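See below for the structure under consideration.
FYI, it's all coordinate maths here, none of it is from the lab. Small disclaimer: the values here were computed from a predicted structure and weren't measured. A quick note on method: Cβ atoms are made from the backbone with ideal geometry, for glycine too, and the neighbour counts reach across all protein chains shown.
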Amino acid sequence: MAGAERRKSPRTPLKFEINYLQEGDFLISYSRDISADGMFINTENPLSVKERVTLTFSLEGSDPFNVDARVMWTNREGEKKDKGMGVKFIQPTKRLQSAILSIVNKVAVTGS
């Protein structure tokens, strides 16, 4: 993301599996970090900016969450760990936001 920080919510590094459809193909990728508003998804083939996608994932053993998201930016260059897309959640449920904030706060307190 170029320029000044635009995130409104604290984020934390967290790797977990994310499932979504891309052009009819079921894909599995992994997060790099998450906040109550969105996440970074590591992928060699990010979707286009402004594209919508439905993500499915679990947090710390929770039942799966399904959330619609919009691609806000992509990185197709550099090392594999840096390639991917930043997505913003579209109307995330209170349950999802609560689960994310719990993890963010836990990491802030314990450092892990």
Given the criteria touching a helix residue (DSSP H, G or I) at 6+ places or on another chain (Cβ under 9 Å) and among the hydroxyl-bearing types (Ser, Thr, Tyr), does residue 29 qualify? no
If the requirement is being basic (Lys, Arg) and either closer than 18 Å to residue 19 by Cβ or touching a Gly at 6+ places or on another chain (Cβ under 9 Å) (or both), which of these qualifies: 50, 88, 83? 88
